[in-house]
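Input: a single structure, listed below in C-alpha cells.
What follows draws every value from the coordinates through simple rules; no lab data is involved. As the structure is a prediction and not an experimental result, all values here were calculated from the model. Virtual Cβ from ideal backbone geometry, glycine too; neighbours counted across all protein chains shown.
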Amino acid sequence: MQFVIDKAPAAHRNDARIRGLSRFLAVATLVLMALQPLVVWGAWMLPDLSGMLERPVPGNGLGGPSLDWFILPVRLGAAGIATVPVVITLYGLLRLRGLFTECAQGRYFSAEAVTGFRQFALASLVNALWAPAGHTVMGVYLSVANPHVPNALEIAFSSRDVQAIGLALLFFLVAHILAEGRRKQEELELIL
C-alpha cells in the first residue's frame, strides 16, 4: 500500500497566507501614509509635545530660555524642511503599496510589483542620503532663526546613516531578485 501526499492544499494555504498578509500590509501602508505628514508637521507646530525643547541646538533642537522667536513663519519653514523626507517616504510607501496590492491578487512577479519594489528601494536610498544633509540644513535654519544661540553648522554622518544606506542597498538586491524571478516566469510562460 502506498500513500500519496497531496501538496496542493499546503501550497494553497501558503498562497492564501501571502495574499492575506499582503492585503493587511496594503492597508497598513495606507494608514502610515496618512499618519506620517500629521506626525512630522505636528512635531513642528507643537514643539512642547514633541520633546524638541530638550534637544541640543543646533542638533534640530530649539534651546534657549524662551520660544518667543519660534513664531508661525519659522515653524512653517522648519516644517517645510522636514517635508522633504516626508514626500520621499510617501512616494516610496505608495510604490510599496503597489507591490502589496499586486501580491494580494497573486501577481507576485508582475511588472507593477517589481517596479513598485524598485521604486521603494530608490526612495529608501534617497531618504538615507538626504538624512545627514537634511539634519545639517535644519540645524543651520534653526540656529539662524534662534536669537538665543549663535549661528552654527553641524555636519554629522552616523552609524544610523550607514545602516539606512545599507538597508536601502539590500532593498535594491531584493528588487533585482524579484526582477530576475519575473524574467524567469516570463520565460516559463513562453515555453508553456
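Computed values, structure above
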{"quantity": "Helix axis angle, 8-45 relative to the chain longest principal axis, alpha carbon, degrees", "calculated": "10"}
{"quantity": "Folded to 0 to 90 degrees: helix 159-191 orientation relative to the chain principal axis, Cα", "calculated": "30"}
{"quantity": "Selected from TYR141, GLY106, ALA123, residue furthest toward positive end of dipole (segment 61-192; charges at beta carbon)", "calculated": "GLY106"}
{"quantity": "Inter-label distance, nm, simple model (7 Å from Cα along the C-beta direction), ASP48/VAL162", "calculated": "4.1"}
{"quantity": "Rounded tilt (10° steps) of 72-104 against the dominant C-alpha axis of the chain", "calculated": "0"}
{"quantity": "Electrostatic dipole magnitude of the chain [Cβ: Lys, Arg +1; Asp, Glu -1; Cα centre; debye, to 20]", "calculated": "460"}
{"quantity": "Percentage relative contact order, segment 105-169, counting C-alpha pairs under 8 Å, at least six apart", "calculated": "38"}
{"quantity": "Under the Karplus curve 6.51 cos²θ - 1.76 cosθ + 1.60, θ = phi - 60°, whole-Hz ³J(HN,Hα) for segment 107-116, x wherever Gly or Pro sits", "calculated": "9, 5, 10, 5, 4, 5, 5, 5, 5, x"}
{"quantity": "Per-residue HN-Hα couplings for segment 127-141 [Karplus 6.51, -1.76, 1.60; θ = phi - 60°; Hz; x = Gly/Pro]", "calculated": "5, 5, 6, 6, 3, x, 5, x, 4, 5, 4, 5, x, 5, 4"}
{"quantity": "Neighbourhood charge, 14 Å Cβ-Cβ cut-off, centred on TYR91 and excluding it, Lys, Arg +1 and Asp, Glu -1", "calculated": "+3"}
{"quantity": "Computed [θ] at 222 nm, deg cm²/dmol, the chain (DSSP H ≥ 4; -39,500 (n - 2.57); rounded to nearest 500)", "calculated": "-27000 deg cm²/dmol"}
{"quantity": "Length-normalised contact order for the chain - Cα pairs under 8 Å, 6+ apart - percent", "calculated": "24"}
{"quantity": "Environment charge of ALA145, counting only residues whose C-beta is closer than 13 Å and scoring Lys/Arg +1, Asp/Glu -1", "calculated": "0"}
